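Heads up: the structure comes next, in structure tokens.
The values are calculated or read from the model by the stated rules, or taken from the named source; none is laboratory data. Being a predicted model, the structure only gives us computed values, none of them experimental. Please note: Cβ atoms are built from the backbone with ideal geometry, for glycine as well, and neighbour counts cover all protein chains shown. Accessible surface is based on the protein model in full, side chains and every heavy atom, while ligands, DNA and RNA are left aside. Shrake-Rupley method; radii C 1.70, N 1.55, O 1.52, S 1.80 Å.
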Amino acid sequence: MEAIKRTFAQCKEENRPAFVTFVTAGYPTVEEAVDIILGLEAGGADIIELGVPFTDPFADGPTIQSANTVALANNVTIEATLGMVKEARNRGLKAPLLLMGYYNPLLSYGEERLLDDCREAGVNGFIVVDLPPHEAVKFRNFCAKGGLSYVPLIAPSTTETRLKLLCKLADSFVYVVSRMGVTGATGTLSTGLPELLARIKQYSGDVPAAVGFGVSTREHFLSVASIADGVVIGSQIITTLSKAAPGERAKAAEQYCTKICGRGNSPKGQKNQVSSNSEAVNGADGTNGAVQTNGAVQVDGPVQVDGPVHINGTHTNGAHTNNAHTNGSVNANGVEHTNGNHSKLPDQIVVEKGEGEDPELFPARFGEFGGSYAPESLMRCLSELEEGFEKVRNDPDFWAEFRSYYPYLGRPGHLHVADRLTEHVGGATIWLKREDLNHTGSHKINSALAQILLARRLGKTEIIAQTGAGMHGVATATVCAKFNMKCTIFMGAEDVRRQALNVFRIKLLGAEVVPVQAGSKTLRDAVNESFRVWITKVDTAFHIIGSAIGPHPFPTIVRTFQTIIGEETKTQMLEQRNKLPDAVVACIGGGSNALGMFYPFIEEPSVRLLGVEAGGDGLDSNRHAATLTGGSKGVLHGSRTYVLQDHHGQIQDTHSISAGLDYAGVGPELSAWKDSGRAKFVAVTDAQALAGFKVLGELEGITPALESAHAVWGAMELAKTMRKDQDVVICLSGRGDKDVESVAEELPRLGPQIGWDLRF
């Protein structure tokens, strides 16, 4: 922490900005990583941000996203990253170095262990892209105990309330996001940057502000340098490395940095450098020249000063001071500093409940799950969305408008007994809640319609969405056509291939389909890309999420608009059986249809809730998508929930015969129900789901979606254990037209396991 403060103070004394550079650890190769770090310093970098790679960096643009992918392919972990730092320190790195990344890998590593290991390696602090302010307080206080810095991110959209707290958290500098959007070099800089910096200075006081996002040229550098204390460049450095030949990348990074900042650092660090590795982390400076004390410099030993010293505006020429500021305090520029600590920035800060957060209109968490682990650029938009949703959910006129479209949706939905399936199973009576009969063929239309009505009330002019199996994409494209709104659907390239029929349906409705080539090319990657694009269009676009995932308030919005399923089921069962069902069953990917079915029964303890996940090739394999039955707690797509991850906190690729269940996370409310025991969850394999698909078609003349087929099998197994006078309701979430081709492709592999041979 102190090394960072000294660096900014030294740069200020030299009347120049601090040059802060970013590179992803282990990119483009592990072998060149340390040379590149040293090359950045030699090229003039005053502070280095070293990116910890993550599988799902949804606040980053394509350049840094690609660098993350390469680094992970190179087996770069936090351990490996710290090894690079340690080697760089041993080879003479003097510049302060911060780790920058996403919370989940840090959480998986263990916060206290991380801080201990970082201190030992020579790390000076952290920038965590998706850590909410109140979570950051705890992490920042951990850091402060060990003398490490926590650097908050502030965006143009940051509200005054949040700005106050984020500035309070800053102990060395604040990172200012210059524009809305994701990381990446651009041709222009934000015209609102001076105003943003002025807002920050109202609350940050003497804490420096470094500006990043979009800076790539010497002209950008000089422009930002004229108004900021530091300039951050990352994406263009990654691009420079990608273009350089192997063995020449460190030199290319050095030359680029020198060109940008107009200076270099001599190899021995005699100019513009902190004096040694140990001093870069904790030590003292000897300075021959002018020294200005603004709270950035702490000296624990003798200092020889041969030039003017500026303290409280008093100039002392040629003063020789021994043990200045040793275990005591000095008043510099009107601010008291004790042992190098800003009196307004104590080692440990205490934040009152609600301080620094925009008013929470309804709970953001379900026990320990949920929250808003999102980039700061999104937070104001999420607050506006929460406010807009709070208004409509308590507005009778909104719900009257929603119900006016029931004939268009095909509601109320049907509920009936599956008599032949019941006879076949031989246990409880099995009922089918027919969401497959809705307009567009699934439950997704319920939420899509309600969300576009909300979007219209918020004045949005275009819609962004993501889809896995394509049913949410079809539903969203449908309502966009109905209300004449531009529609862009993001879909993993693998899902585009296996759900070609739905892709064509979406295009027929006038929407654009964007195949996502990154990662596993499935729903998780489509979610990442849709959020990246939404960040750049928050003023005009509305993000219609299909699953009960993402940062608050999305999980609550989707659940609320889907509870029509369970509410109708409860009413219809009372009408037809004069009792509630004994169990309700739904498949689970992200969880929209399960939450919609389960929530109205949550306070009915006599009703069992069974969620059925995609077991793929089995939980003992790596080819499944059973998050609740086979996952662990983590953070993904803005929410703390159960996720499928490795022991490094990297999100694992998933597999399911069903595109709609092929997701590595799950709705946070379902995670809370798992831990409380209110709902139970099982995994059904691809072969078992195919058997459910087969039996419902042969016995009831209904071709279910492969997603729903998982629930069919799970309900059959449950019904066998129940009495004949009991009732089980299956949420038949979608129809299976879209899956016929996938079933045909899988039959040669899975058919023999269930005795199904359709070869002619």
For the pair residue 632 and residue 361, how long in nm is the line joining their label points, each one 7 Å along Cα→Cβ?
3.8 nm
Listed highest first by mean packing, meaning other Cβ atoms within 10 Å per residue, what order do 376-383, 10-17 come in?
376-383, 10-17
Count of lysine pairs in segment 71-173 with Cα atoms under 19 Å apart, counting only pairs 8 or more residues apart in sequence or on different chains?
4
What percent do you get for the relative contact order of segment 1-138 when only Cα pairs under 8 Å and 6+ apart count?
26 percent
About the Cα centre of the chain, what is the dipole size in debye to 20, counting +1 per Lys and Arg Cβ and -1 per Asp and Glu Cβ, all else neutral?
900 debye
List the relative contact order of segment 393-442 as a percent without decimals, with contacts defined as Cα pairs under 8 Å and 6+ residues apart.
33 percent
Rounded to whole Å, give me the distance from the Cα center of segment 483-522 to that of segment 361-380.
28 Å
Per-residue counts of other Cβ atoms within 10 Å, averaged by peptide: what ranking do you get for 252-258, 643-649, highest first?
252-258, 643-649
Rounded to 10°, Cα long-axis angle of helix 2-13 versus longest principal axis of the chain
60 degrees
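Over all alpha-carbon pairs in the chain, figure out the percentage whose distance exceeds 35 Å.
Percent of Cα pairs beyond 35 Å in the chain: 48.
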Give me the one-decimal Kirkwood hydrodynamic radius in Å for segment 548-614, with the sum taken over alpha-carbon pairs.
12.2 Å
Arrange the peptides 652-659, 68-75, 663-670 so that the one whose residues have, on average, the most other Cβ atoms within 10 Å appears first.
663-670, 652-659, 68-75
Solvent-accessible area per residue, Å², over segment 510-567 with all protein chains present [probe radius 1.4 Å]:
24 Å²
First select every other residue whose beta carbon is under 12 angstrom from the beta carbon of residue 245; then total the charges, Lys and Arg +1, Asp and Glu -1.
+1
Estimated inter-spin distance, residue 217 and residue 749, nm [label 7 Å along Cα→Cβ]
5.0 nm
Sequence-separation-based contact order of the chain, relative, with Cα cut under 8 Å and 6+ spacing, percent:
12 percent
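How much length is gained on full extension from residue 741 to residue 575, taking 0.36 nm per residue of separation minus their Cα-Cα distance?
Length difference between fully extended and current span is 55.9 nm.
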Contour minus Cα-Cα distance for residue 191 and residue 164 (0.36 nm per residue)
7.4 nm
What Cys residues in the chain are without a partner cysteine, judged by a Cβ distance under 4.7 Å?
11, 118, 143, 167, 257, 261, 381, 587, 731
Return the FRET efficiency for the residue pair residue 416, residue 395: r is the Cβ-Cβ distance, R0 is 25 Å, and the value is rounded to the nearest 0.05.
0.15
Modelling each spin label as a point 7 Å along the Cα-to-Cβ direction, I'd like the residue 456/residue 15 distance in nm, to one decimal.
6.2 nm
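What percent antiparallel are the DSSP beta bridges of the chain, to the nearest 5?
On the way: 26 of 90 bridges.
Bridges in the chain are about 30 percent antiparallel.
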Can you check what the net charge comes to around residue 427, using other residues whose Cβ is under 9 Å from the Cβ of residue 427 (Lys, Arg +1; Asp, Glu -1)?
+3
Roughly how far apart, in whole Å, are the Cα centres of segment 549-613 and segment 386-403?
20 Å
Where in segment 516-533 does the amide nitrogen come within less than 17 Å of the point 7 Å from the Cα of residue 507, taken along Cα to Cβ?
516-517
Which of 690, 627, 581 sits farthest toward the positive end of the charge dipole of segment 572-691, with +1 on the Cβ of Lys and Arg and -1 on the Cβ of Asp and Glu?
581
With the dipole of segment 85-172 worked out from charges on the C-beta (+1 for Lys and Arg, -1 for Asp and Glu) around the Cα centre, which of 132, 172, 151 lies farthest toward the positive end?
172
Bridge type composition, segment 401-510 - antiparallel percent by DSSP, nearest 5:
35 percent
Leaving out ligands, DNA and RNA but keeping every protein chain, what accessible area does residue 108 have, in Å² rounded to the nearest 10, with a 1.4 Å probe?
50 Å²
Between residue 757 and residue 259, what is the FRET efficiency for a Förster distance of 41 Å, r being their Cβ-Cβ separation, to the nearest 0.05?
0.05
Excluding residue 477 itself, what net charge comes from residues whose Cβ is under 13 Å from its Cβ, given Lys and Arg +1 and Asp and Glu -1?
+3
222 nm mean residue ellipticity, helices alone, for the chain (DSSP H n ≥ 4; -39,500 (n - 2.57); rounded to 500)
-12500 deg cm²/dmol
